[in-house]
Structure formats: structure tokens, C-alpha cells
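Asks: First the structure, which I've put down as C-alpha cells, then a few questions once you've had a look.
The values are calculated or read from the model by the stated rules, or taken from the named source; none is laboratory data. These numbers were taken from a predicted model, which means no experiment stands behind them. Every residue, glycine among them, receives a Cβ derived from its backbone with ideal geometry; neighbour counts consider all protein chains shown. SASA here: full protein model, heavy atoms, side chains in, ligands and nucleic acids out. Shrake-Rupley method; radii C 1.70, N 1.55, O 1.52, S 1.80 Å.
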Amino acid sequence: MTTRSYKRSFYWRHFLHKHGLSVAAAFILATWIVLYRFSNPATHLGSFFGNAIADWTGLLVTVLATKYLYEIGSAESRTPPSRPVKPLARLLARHSLTIFLLVTGTVWLWLFVTSNPMSKWGQVVGNIVSEWTQILGMVVLTKRLLETHSEESPR
């Protein structure tokens, strides 16, 4: 093995070690999209693929959004690394997760409202809107509500 190929191999192992969950979730999501593209949504299998797209989209956004964005007070979020000096910047940083979910959720809702909900992809978009609502609800609810014996709840 040459030095160059060893460095490349090391880089990919390091990358997959740090980002393996999001890479795997994106790959699985892409698989569901391809399978749904060529399936009949009126069948059980086609319907399953459509629901899986929404579920895995939600999982991928949860993994990525909670990795890079913040929501102060939510057990589902990390604490921001530092406090911005300007009040608006601080507000945006402290609530970036909720802001991201509201903005992207609005886009998904607009897509759903303007599409045919009975069409093949309209059903999937409707399921994604539902998934986004669940994620946003979990972030907001965990700011105030706790569940005993849950890893995120204080002991």
C-alpha cells in the first residue's frame, strides 16, 4: 500500500467514524426513494416505501439538525459553544433548531398544500409534514416536560 492510498484510506475511515450515522441514514433514505420511484403506491409494498421515505427523512434531519443546531432548554439539543454578543445573533443561535424546523416545515407544508395529496408523491410529502411536526413538537415539549428514567431527563 502506498503512502498516498494509506492516507486516503485513513481519511475515509476517519470520516465514516465521525459521520457514519448520517451517511448510513442518507444511503438508506436514497434506497427508499429509488424503491418508491419504481413501485405502485396502491400496494402494501409501495405504501411502505412511501412511509419509509418520511420516517428516514425525519431520522436524517434529526441526526443532522441536532448535530449542528441548538435549542436552549431542550433535552434533544446540545448547548451552544459560546454566547454571541449581539442580542439578535444570540437569539438565532439559541433557537436555531426550532427556527430551522419552522422554516423547512413551512416549505414542506407549502409543497403539500399546493400538491395533490392523493398523488404518489403528495402522500409522501404529507407524511413528511407529519414527521416534521413530530420533530418540532419533541424539541419544544422537551424544553419543559420530563420523563422519568429517560436518558435526556435530569436524574
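Asks: Given a 10 angstrom Cα cut-off, can you work out which residue in PRO117, PRO87, PRO41 is the most mobile in a GNM of the chain?
Replies: Between PRO117, PRO87, PRO41, it is PRO87 that shows the largest mean-square fluctuation.
Asks: How high is the relative contact order of the chain, in percent, with contacts defined as C-alpha pairs under 8 Å that are six or more residues apart? Kindly include the intermediate steps, with their values, before the conclusion.
Replies: On the way: 141 pairs, mean separation 34.0, N = 155.
For the chain, the relative contact order is 22 percent.
Asks: If you roll a 1.4 Å probe over the chain with all protein chains in place, what percent of the accessible area is carbon or sulfur?
Replies: Values: 7370 of 10900 Å².
The nonpolar share, carbon plus sulfur, comes to 68 percent.
Asks: If you don't mind, another one. Can you compute the label reach from ASN116? Point 7 Å from Cα along the Cβ direction, backbone N cut-off under 14 Å, restricted to the stretch 18-49.
Replies: 41-42
Asks: A further question follows. From the phi angles alone, apply the Karplus equation (6.51, -1.76, 1.60; θ = phi - 60°) to the stretch 100-115 and give each ³J(HN,Hα) in whole Hz, x where the residue is Gly or Pro.
Replies: 4, 5, 5, 5, 5, x, 5, 5, 4, 5, 4, 4, 5, 5, 8, 9
Asks: Additional query: Using a 1.4 angstrom probe, figure out how much accessible area the chain has per residue, in square angstrom, rounded to the nearest whole.
Replies: The answer is 70 Å² per residue.
Asks: If amide H atoms are built 1.01 Å from N in the plane of the peptide, which residues on other chains or at least 5 residues away come under 5 Å of the amide H of LYS143?
Replies: ALA75
Asks: Which order do the peptides 22-34, 120-132 come out in when sorted by mean C-beta neighbours inside 10 angstrom, highest first?
Replies: Numbers: 22-34: 14.7, 120-132: 19.7.
Highest to lowest by the protection proxy: 120-132, 22-34.
Asks: Sticking with this structure for a sec: List the residues, sorted by chain then number, that are 5 or more residues from TYR70 or on another chain and whose placed amide H is less than 5 Å from its amide H.
Replies: SER96, LEU97
Asks: Related question: Under the Karplus relation 6.51 cos²θ - 1.76 cosθ + 1.60, θ = phi - 60°, what is the ordered set of whole-Hz ³J(HN,Hα) values for the stretch 60-71, x standing for Gly and Pro?
Replies: Once rounded to whole Hz, the list reads 5, 5, 5, 4, 6, 5, 6, 7, 10, 10, 9, 9.
Asks: Moving to a separate point now. For the stretch 25-51 and the stretch 81-127, what is the separation of their C-alpha centers, rounded to whole Å?
Replies: A separation of 23 Å, based on Cα centres.
Asks: Mind listing the Cα extents of the chain along all three principal axes, in Å, largest one first?
Replies: 54, 52, 36
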